[in-house]
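The values are calculated or read from the model by the stated rules, or taken from the named source; none is laboratory data. Keep in mind it's a predicted model, so treat the numbers as computed, not measured. When we count neighbours, we look across all protein chains shown, and the Cβ atoms used for this are built from the backbone with ideal geometry, even at glycine. All accessible areas refer to the heavy atoms of the entire protein, side chains included, with ligands and DNA or RNA removed. Shrake-Rupley method; radii C 1.70, N 1.55, O 1.52, S 1.80 Å.
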Amino acid sequence: MAGDAVRRSRFAPSPTGLLHLGHAYAALAAAREASDGQFLLRIEDIDRDRCKPGFETAIYEDLAWLGLQWQRPVMRQSERMRAYRSALAQLAPFSYPCRCRRGDIRAALSAPQEGALPAGPDGLIYPGTCRGRGLSDAGPDDVIRLDAARAFDALGLDRLSFRDEVIMPGHDHSLARDEFLDGIGDVILSRRGMGTSYHLAVVVDDAAQGIDIVTRGKDLFDSTWIHVLLQKLLKLRTPLYHHHRLIRDDAGKRLAKRDDSRAIRHYRDEGASPGDIRRMVGF
């Protein structure tokens, strides 16, 4: 850790399955970046259909078994809907309702194009079919999207930047406005049945918890551009980032929660120690 500055970090899992070795690495990496007593845990449980209380309990038990300690109380996103509604209201000048389903988007992108469809960190690049609709026209089954071009114009920006401690340490990453529009596009701010989205919730919560350094896998590097843009629109500070390596299986695939053989709980049941897990993930 550079210098004597106090740094606050967090680990923010979703209780949709058991934590695996990749989560162990992510949690340990986040705790390593934090100053003493400044490591936080956040439960990202906005997906009510997939999140289960038993998995949340397992998160606490597995992390404590690894020897990690975090500040209390634990922030739970399901209890933060008022904050997300407030943020959505602030973003209203740059938002619009969208009724398109995935099939509609795929069909719009397929004709008259051939080959692979354009995709970014939020999935297929939205073609803007509903961009002309006003929020007053929003229906109960609509999602709310960010009009990225309008957002950049309102900010007077032609480029975004942030700093990462792992990839190009000491230098700012930079992305031009047109690169964002073409490669990321109009992302979803509020999903059906959730009242928010991952992108909006993580930005609002990192600010609320005073997070100084965000540790996350390299697979989320492109999502960080979305978060930096939202931070600027909401007038929030952009933290330092640490996009770390991913833990993969023997075939080189990133670990998933459905792979129970790599779950921390599985190794615990097999008699592994916390030190064994740390060594397995490179700590």
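Worth a mention:
- One residue stands out in region 159-175 among those that are exposed (fewer than 14 other Cβ atoms within 10 Å of the Cβ) and at pLDDT 90 or above: the one that is nearest to Arg99 (Cα to Cα), namely Arg159.
- Any hit, region 76-89, residues being under 19 Å from Gly217 (Cα atoms), of a type in the set (Phe, Trp, Tyr) and buried (at least 20 other Cβ atoms within 10 Å of the Cβ): no
- Residue, farthest from Leu124 (Cα to Cα), within region 169-180, restricted to residues that are hydrophobic (A, V, I, L, M, F, W, C) and within 19 Å of the chain's Cα centre (by Cα): Leu175
- Filtered residues of region 58-82 (kept if of a type outside the set (D, E, K, R), within 12 Å of Asp45 (Cα to Cα) and touching a residue at least 40 places away in the same chain (Cβ under 8 Å)): Met75, Gln77, Met81
- Any helices (runs of 4 or more DSSP H) falling wholly within region 175-240 and containing at least 1 residues that are under 15 Å from Ser95 (Cβ atoms): 198-208, 221-233
- Search result, residues across region 177-201 that are in contact with a Lys or Arg (Cβ under 8 Å, 6 or more places away or on another chain), of a type outside the set (D, E, K, R) and closer than 11 Å to Leu146 by Cα: Val187, Ile188, Leu189
- For region 11-21, a residue qualifies if it is within 18 Å of Val214 (Cβ to Cβ) and surrounded by 23 or more Cβ atoms within 10 Å (Cβ to Cβ), and the qualifying residues are Phe11, Ala12.
- Residue match in region 15-32 (condition: touching an Asp or Glu at 6+ places or on another chain (Cβ under 9 Å) and among the hydroxyl-bearing types (Ser, Thr, Tyr)): yes
- Pick from region 246-266, criterion more than 18 Å from Pro13 (Cβ to Cβ) and in a loop (DSSP other than H, G, I, E, B), ranking: modelled with the highest pLDDT: Asp249
- Any chance Arg8 is touching a Gly at 6+ places or on another chain (Cβ under 9 Å), under 18 Å from Gly210 (Cα atoms) and in contact (Cβ under 8 Å) with a residue 24 or more places away in the chain: yes
- As a summary of the residue check, Arg177 satisfies the conditions (1) more than 21 Å from Arg131 (Cβ to Cβ); (2) in contact with a strand residue (DSSP E or B) (Cβ under 9 Å, 6 or more places away or on another chain) except for the one numbered (1).
- Candidate set: region 93-121, residues that are in contact (Cβ under 8 Å) with a residue 60 or more places away in the chain and assigned to a helix (DSSP H, G or I); chosen: the one least open to solvent (accessible area, probe 1.4 Å): Phe94
- Index of the failed condition, Asp219 passing every other in (1) modelled with pLDDT under 95; (2) open to solvent by less than 50 Å² (accessible area, probe 1.4 Å); (3) of a type in the set (Asp, Glu): (2)
- For first residues located in region 161-187 and under 21 Å from Gly217 (Cβ atoms), partners that are open to solvent by less than 60 Å² (accessible area, probe 1.4 Å) and among the charged types (D, E, K, R) and lie 6+ apart or on another chain with Cβ distances below 6 Å form the pairs Val187/Asp122.
- Of the residues making up region 180-217, just one is of a type in the set (Val, Ile, Thr) and over 27 Å from Glu33 (Cβ atoms), namely Ile188.
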